[in-house]
1. What's the extension gain from Phe121 to Leu20 if we count 0.36 nm per residue and subtract their Cα-Cα distance?
2. Using a Cα-Cα cut-off of under 16 Å, which lysines could be cross-linked to Lys168, ignoring same-chain neighbours fewer than 8 residues away?
3. How would Lys25, Lys106, Lys19 line up from fewest to most surrounding beta-carbon atoms within 10 angstrom?
4. Run the simple label-point estimate for Arg13 and Arg163 please: 7 Å along Cα→C-beta, distance reported in nm.
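What follows draws every value from the coordinates through simple rules; no lab data is involved. Just so we're clear, the structure is a prediction, and the values are computed from it rather than from any experiment. Here the Cβ is made from the backbone with ideal geometry for all residues, glycine too, and neighbour counts use every protein chain on show.
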Amino acid sequence: MSSSPGIDISINRLFPGEKLGSGDKRWKDFNGGFSRERHTIESLVSEIMQGHSFCCALGGCRLDHCGGRWCCQGRQYDPGHCGRPYDYRISTHFSSAQTLELDFDKGDETSSIDFLLADPFIARNPTFLYSTLSSTPRAPKTRVVFVLDNPYTDPEAYHDARRALINKYPESDQSIKDVARFLYGSSPATGEVSVVV
């Protein structure tokens, strides 16, 4: 892999290689555990292969903010305030995004890294593909991450770009439209990765 320019992104190192189930009491800690960092493609891939989750670069609240580390703590039900820590994973804390992702989770050949690498659009764009936490040799599941030349700073434009990409691949998971959507990393023990730069 060659060196690449920096990418602003938020990384979560809590519970590596683990998927949190519905109703898990650790969700609040998890959503508050993202840290905005600058990465190269290589260092981002390394984080993902260690089982770390990632999402857009999080920052200050786009709603009214009372200052300090918390956005109006206790006012999460006031529509003008989010009531969350400064870097909590929530769409109003979107700062920028320089990746777009696709999630192929059918668990058949069409969700394998090799099959997806044969797709011309995926093969000719700066991308990396990795096996998801629930991927197995018999039921492959793959995430495709496109690294953009420039970041989106407008959440609405980013949402439109996410929607356009998943519409291009209707066989992919159609639920990853939220601008602050996080993605789990790969399995540290069995994960696979392929990089196209």
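1. Value of the extension gain: 33.2 nm.
2. Lys177
3. Lys25, Lys19, Lys106
4. Each label point is offset 7 Å from its Cα along the Cβ direction, giving 3.7 nm.
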